[in-house]
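K.L.:
Next up is a structure, given as structure tokens.
The values are calculated or read from the model by the stated rules, or taken from the named source; none is laboratory data. Keep in mind it's a predicted model, so treat the numbers as computed, not measured. Cβ atoms come from the backbone with ideal geometry, glycine included; neighbour counts cover every protein chain shown. Heavy atoms of the whole protein, side chains included, go into the accessibility calculation; ligands, DNA and RNA do not. Shrake-Rupley method; radii C 1.70, N 1.55, O 1.52, S 1.80 Å.
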Amino acid sequence: MKPDILGLIPARGGSKGVRHKNRRLVAGRPLIQYTIDAALASTALTQVAVTTDDPEVADIARRAGVLVVDRPADIAGDTSPVIDAVRHADAALQARGLPAAQGIVLLQPTAPLRTGADIDAAVALFLDGGLNPVCSVSRCEDNHPARMYTVDGAGHLASLMPDLASMRRQDLPAVYHRNGALYIFGQRELALGTIICPAMTPYVMDQQQSLNVDTEFDLVVLQAVLTQRLGAPANPA
């Protein structure tokens, strides 16, 4: 029997970095639409839902044919932990008669280039690993921590990894960055109130797929990528 796997897309209305980010048009489509499309393309997900406090985002989701959970304002603020929205959505969907999901795949709209195939591959890792949580990552290249510094009390640069600071990039040990494209966890983690936990299984994505939209500049980069891939309109709306 196919396990119940919920694809959950958190998309609150507020955003400090990019106003109304989740419904901003990029290549003629709302940003969230790319994540909805990836979720619908997945064969591993048995249900897809959007949790939001934004009526316009809710309309986009309903037109796309996915479930909508209306998120209360007290868990939709700038400092609201996403786990609160996940717990609320899980309870709300079960109250509608849906079974408790064996796995929850958290799909943030700010990572629009992950695909349905990525979701399926990551869910396979989750199931094959005995429901051990999965986190998507990308390998650090020139942004390796060996290239990073703090500024000491004298105003001088202090290397985070002084033993590796002079090493060639191709010789550096592999280090991975959590890219925010997907997290997979089960009811155990939900009960504990944690998404980021020890010993997560990595799902490795390339850097271009790992583009994360946090600023207006990120939208410009995303527009360029989509223009190249899809022949989309050259100017972001």
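K.L.:
If I take every Cα pair under 8 Å that is 6 or more residues apart in the chain, average their sequence separation and divide by the length, what percent do I get for the relative contact order?
P.N.:
Working: 436 pairs, mean separation 59.7, N = 237.
The normalised contact order for the chain reaches 25 percent.
K.L.:
Students sometimes get this wrong: rank Lys21, Lys2 by accessible area, probe 1.4 Å, all chains present, largest first.
P.N.:
Numbers: Lys21 30, Lys2 110 Å².
The ranking, largest first, comes out as Lys2, Lys21.
K.L.:
A further question on this structure: Let me cross-check Ile196: its accessible surface, 1.4 Å probe, with only protein heavy atoms counted, in Å² to the nearest 10?
P.N.:
80 Å²
K.L.:
With Cβ to Cβ distances under 10 Å as the rule, what net charge do the other residues near Ala44 carry (K, R +1; D, E -1)? Intermediate values should be presented prior to the final figure.
P.N.:
Values: positive: Lys2; negative: Asp120.
Overall, the nearby charge balance is 0.
K.L.:
Something else about it: In the stretch 74-156, what trypsin sites (Lys or Arg not before Pro) fall in a loop by DSSP, with at most 11 other Cβ atoms inside 10 Å?
P.N.:
Arg96
K.L.:
Now for a separate question. If we count every other residue with Cβ under 15 angstrom of Cys197's Cβ, Lys/Arg +1 and Asp/Glu -1, where does the sum land?
P.N.:
Overall, the nearby charge balance is +1.
K.L.:
Return the equivalent ellipsoid semi-axes of the stretch 168-223 as a descending list in whole Å, where each equals the square root of 5 times an eigenvalue of the C-alpha gyration tensor.
P.N.:
Computed over the stretch 168-223, the values are 26, 20, 9 Å.
K.L.:
For the chain, what is the largest minus smallest coordinate of the Cα atoms on each principal axis, given in angstrom and ordered from greatest to least?
P.N.:
59, 45, 35
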